Amino acid sequence: MRIQIITLFPEMVQVLARFGVIGRALENNLVEMCVLNPSDFSTDLHGRVDDRPYGGGPGMVMKFEPLQKAIRQAIKGEKNSHVVCLSAQGKLFGQEDVTRLVNCPNLVLVAGRYEGIDERLIEAETDEELSVGDFVVSGGELPAMLLIDALVRHLPGVLGHEESAKQDSFVDGLLDCPHYTRPGRVAGRTVPEVLLKGNHQAIERWRRKQSLGRTYLRRPDLFARLSLTDEQLAMLDEYLQELGVSRKQGKGES
Ligand code: 9D3
């Protein structure tokens, strides 16, 4: 898989790409990353990549031409390209997008800066717009890296067997269970007894119960999309009973 990022701040993405899962995937040639700077494609005398908005108002808008040239360069000679614009106005990025985009051999990510990008560039040269959440960040670079991190986890050979992406939260629509490590007692708090006893079936059940209970209490939106077995419903009631809450009046179904 080849991922190309179009950004006015190439160093920003190059620094993040050195670490963790992305860094390892690049070292092992499981993914290829290229950065293109629209400034290098500007043709006007002053090398401008932005200009004042038609209609007035604050801030600057990224110009059509440098971005078009950068995108054209990124897709030149590649037959299965997909161009994504990171934008607060995009569709909300989710795990479904990860499994869809990971199959794209040449993914081009356009990261905007300033007030935004000339709308005609988005219409004419990109396939879709994606947002990473309902909050404002200063540009598309961090959203692009977030998307890349989520994608790279799903490339074959990137994660070891024991940390397979299949086990990730959200893949099965549930939040993860809590985790504990030594010492056995810290800040007056102990570790749930079941985890100390070595009964692996009991541990597995406890973890699934915690996942269900946390999803119910913290993410009613995710919970609503699950179709639970009777066994899971029984585990959830057990979880809530242990907390002293009941399901019918529970936070999750308000
Ligand atoms: C405060 C600026 N806003 C004017 C009312 C509009 C605005 C312009 C530029 C908001 C954000 C940005 C830059 N953001 C992104 O490029 C971006 C983003 C985001 O802000 N939130 C969630 N996902 C994304 S993906 C790209």
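Summary table below
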{"item": "Which numbered condition His161 fails, given (1) away from the ligand (no atom under 16 Å from the Cβ); (2) modelled with pLDDT of 95 or more", "result": "(2)"}
{"item": "All positions within segment 177-203 that are within 30 Å of Leu155 (Cα to Cα) and either open to solvent by 90 Å² or more (accessible area, probe 1.4 Å) or in contact with an Asp or Glu (Cβ under 8 Å, 6 or more places away or on another chain) (or both)", "result": "His179, Tyr180, Thr181, His200"}
{"item": "Hits in segment 24-56 - residues which are of a type in the set (Lys, Arg) and either closer than 30 Å to Leu159 by Cα or open to solvent by less than 40 Å² (accessible area, probe 1.4 Å) (or both)", "result": "Arg24"}
{"item": "Given (1) outside any loop (DSSP other than H, G, I, E, B); (2) farther than 30 Å from Leu151 by Cα; (3) open to solvent by 90 Å² or more (accessible area, probe 1.4 Å), index of the condition Lys248 fails", "result": "(1)"}
{"item": "Segment 12-32: number of residues that are touching a residue at least 24 places away in the same chain (Cβ under 8 Å), assigned to a helix (DSSP H, G or I) and within 13 Å of Asp149 (Cα to Cα)", "result": "7"}
{"item": "Residue satisfying all of: in segment 57-78; in a loop (DSSP other than H, G, I, E, B) and within 14 Å of the ligand (Cβ to nearest atom); surrounded by the fewest Cβ atoms within 10 Å (Cβ to Cβ) among these", "result": "Pro58"}
{"item": "Cβ pairs under 6 Å, 6+ apart, first in segment 136-149 and farther than 17 Å from Pro10 by Cβ, second more than 8 Å from the ligand (Cβ to nearest atom)", "result": "Asp149/Ile22"}
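Yes/no per residue for (1) open to solvent by less than 50 Å² (accessible area, probe 1.4 Å); (2) in the same structural domain as Pro220 (by TED's automatic domain parsing); (3) at pLDDT 95 or above:
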{"site": "Leu101", "(1), (2), (3)": "yes, no, yes"}
{"site": "Asp127", "(1), (2), (3)": "no, no, yes"}
{"site": "Ser131", "(1), (2), (3)": "yes, no, yes"}
{"site": "Met145", "(1), (2), (3)": "yes, no, yes"}
{"site": "Leu174", "(1), (2), (3)": "yes, yes, yes"}
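The values are calculated or read from the model by the stated rules, or taken from the named source; none is laboratory data. From a predicted model like this one, the values you see are computed outputs, not experimental measurements. For neighbour counting, all protein chains shown are included, and Cβ atoms are generated from backbone atoms with ideal geometry for every residue, glycine included. For accessibility, only protein heavy atoms count, side chains too; no ligands or nucleic acids. Shrake-Rupley method; radii C 1.70, N 1.55, O 1.52, S 1.80 Å.
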